[in-house]
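Please treat every number below as a calculation from the coordinates, not as lab data. Here the structure is a predicted model, which is why all the values come from computation and not from measurement. No Cβ is skipped: glycine too gets one built from the backbone with ideal geometry, and neighbour counts run over all protein chains shown.
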Amino acid sequence: MNGNDTGLALARALIETCATGGLRLAVAESCTGGMVAATITDIAGSSAVLDRGFVTYSNEAKVAMVGVRPGTLEAFGAVSRQTAVEMAEGALAGSRADIAVSVTGIAGPGGGSEEKPVGLVHFACARRGGVIRFEHHRFVGDRRFVREAAVNRALALMLEAAG
């Protein structure tokens, strides 16, 4: 079972809200490597709401699995608003979900730069027929902390979109 108690509580609330509203979910994950989907599936009843998850760790996977345009990656990089939005849109388009979230960031300890420091994570949450919400955060801590914080924020974004 996932050791992230906050994430589990968010996932439980998300599943209850989505089940009540008849909503289905999809996730497109990069730096979290499937942890958002894993946290959701740690909760009994998740099969009623989770349609699918895309682990798009490489740029090639982002293009092939969720339709991120190569030009977007070239111009803005994998860790960007533009890539996060295209990941969420692609997860929605490639699934039966009503809500899709994307997560792309730099978990560390290496890989950061002055412009894109370790701990920077971009999120997008799309609701079918609705608007796409984007945000980014800088989580300060070790790799595990950054990834768990990203999972929690992704779950919270989906819960807000479902509410």
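List of remarks:
- Intensity falloff of region 5-162 expressed as log10 I(q)/I(0), Debye formula with alpha-carbon point scatterers, at q = 0.10, 0.17 Å⁻¹: -0.30, -0.88
- One Cα centroid belongs to region 69-84, the other to region 1-32; the line between them spans 26 Å.
- Along the axis of the charge dipole computed for the chain (Cβ charges of +1 for Lys and Arg, -1 for Asp and Glu, origin at the Cα centre), the listed residues Leu14, Gly119, Thr56 are led at the positive end by Leu14.
- If only the Cβ of Lys and Arg carry +1 and only the Cβ of Asp and Glu carry -1, the dipole of the chain around its Cα centre is close to 160 debye.
- DSSP H segments from the chain that extend 27 Å or more along their own axis, Cα-based, with Kyte-Doolittle mean of -1.0 or above: 143-162
- Which of Cys18, Cys31 has the fewest Cβ neighbours within 10 Å, and the rest in rising order: Cys31, Cys18
- Amide H contacts under 5 Å for Phe54: Val27, Ala28, Glu29, restricted to partners 5 or more places along the chain or on a different chain, H placed in the peptide plane at 1.01 Å from N.
- The Cα atoms of region 1-61 give a gyration tensor whose axes a ≥ b ≥ c have a/c of 1.5 or more with a/b no greater than b/c, which makes the shape oblate.
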